[in-house]
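To start, the structure under review is shown below, and the notes come after it.
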Amino acid sequence: MLEKKTQSLQTEVDNHEPRINTVCNNGQKLIDEGHEDAAEFSGLISELHKAWQELKDAIEKATRRSVAQRARPAVSVRRQRSRELDERARALHDGGGSRQGRNLR
């Protein structure tokens, strides 16, 4: 569920990025033309860039976390299966005659 929400948010951000770029470019044009509020515009553009990057970084982090969580069960199952096989191998080696050991042959 989290993965689906993260993907949806990523799509939303991707869809809005052109608009963010347009706003920043228009602001930069006003600065370049010497607008009286150029200093304020410059600060606002910097804030927007920073906030936008923080949002993108947070989504990327959530995506990595989601992928890692999805991978954990598979790793856990493999580890458990490996432990079971190790225990059976030890039982065969140590006891050889156990009922469980005979079933593996």
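Nothing in this text is a laboratory measurement; each read-out follows from the coordinates by a stated rule. Just so you know, these numbers come straight off a predicted model, no measurement behind them. Note: ideal-geometry Cβ built from the backbone for every residue, glycine included; neighbour counts use all protein chains shown.
Quick notes on this one:
- Approximating the spin labels as points 7 Å out from Cα along Cα→Cβ, the Asn15-to-Leu30 distance works out to 2.7 nm.
- Maximal additional length on extending the Ser82-Glu60 stretch stands at 4.7 nm, based on 0.36 nm per residue less the C-alpha distance.
- Counting only aspartates and glutamates at least 8 places from Lys4 when in the same chain, those with an alpha carbon closer than 17 Å to its own are Glu12, Asp14, Glu60.
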